[in-house]
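The values are calculated or read from the model by the stated rules, or taken from the named source; none is laboratory data. If you're wondering where the values come from, they're calculated on a predicted model, not measured in any experiment. Glycine also receives a Cβ, built like all others from the backbone with ideal geometry; neighbour counts cover every protein chain displayed.
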Amino acid sequence: MNKRMIALLILAVAGICLGAAQLPQHNLGRPATAEEIRKRDISVAPDGTGLPAGHGSVEEGRQVYKILCGSCHGDRGQGFGDYPPLVGGPLTPDETYAVTAFILYMNGIVDQKAELNEKSLSKVKMPNRDGFVLDPRTDVPTKEGKK
Ligand code: HEC
């Protein structure tokens, strides 16, 4: 690189910096409100915090499943061959609790009278619930704070 090119490069970088500092403010956009963030926040903690209010029974789930899932996964969840994934639509909380209840029922995890909601879902005992190991690292914060 010759001196002329270096000088041009310095000028270009300086120009970009000055330009950025003098960018006009268009006053577009605004910070998201707490309500807007809440609507988009679909995180659910392992203890069930964050689950939407709602409920769904095995029988309701059987109907939702028959309409929305059975054509690909089979009427008992057995599936058919290798269906390509399609664009899906969101299920309401009630439909989701119901179809979850039905699938857990088909797996023998809840009984036929089970009704799932934001409180009972985290009480379902999944087969591997006791198979998890606590993180032994002392520098990793836990929900209660530092170990
Ligand atoms: C149009 C066909 C179709 C429909 C309808 C459909 N699925 Fe699926 N589903 C698939 C396919 C194909 C896969 C595998 C996707 C992959 O492996 O990337 C899949 C994967 C899944 C998986 C992950 C399974 C695993 O072992 O990883 C779950 C859970 C699931 N579907 C549940 C549902 C539920 C619940 C419904 C109804 C609300 C539903 N699906 C409706 C085709 C469908």
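If you scan region 39-59, which residues turn out to be outside any loop (DSSP other than H, G, I, E, B) and of a type outside the set (Ser, Thr, Tyr)? Once the filter is applied, which keeps residues that are outside any loop (DSSP other than H, G, I, E, B) and of a type outside the set (Ser, Thr, Tyr), region 39-59 yields LYS39, ARG40, HIS55, GLY56, VAL58, GLU59.
Assessment of region 78-96 against the conditions (modelled with pLDDT of 85 or more, in a helix (DSSP H, G or I), more than 9 Å from the ligand (Cβ to nearest atom) and surrounded by 10 or more Cβ atoms within 10 Å (Cβ to Cβ)) yields at least one matching residue. On inspection, ASP111 passes the criterion of being part of a loop (DSSP other than H, G, I, E, B), touching a helix residue (DSSP H, G or I) at 6+ places or on another chain (Cβ under 9 Å) and modelled with pLDDT of 85 or more. Scanning region 122-147 for residues that are within 30 Å of HIS73 (Cβ to Cβ) and either in contact with a Gly (Cβ under 6 Å, 6 or more places away or on another chain) or more than 16 Å from the ligand (Cβ to nearest atom) (or both) turns up SER122, LYS123, LYS125, ARG129, ASP130, GLY131, PHE132.
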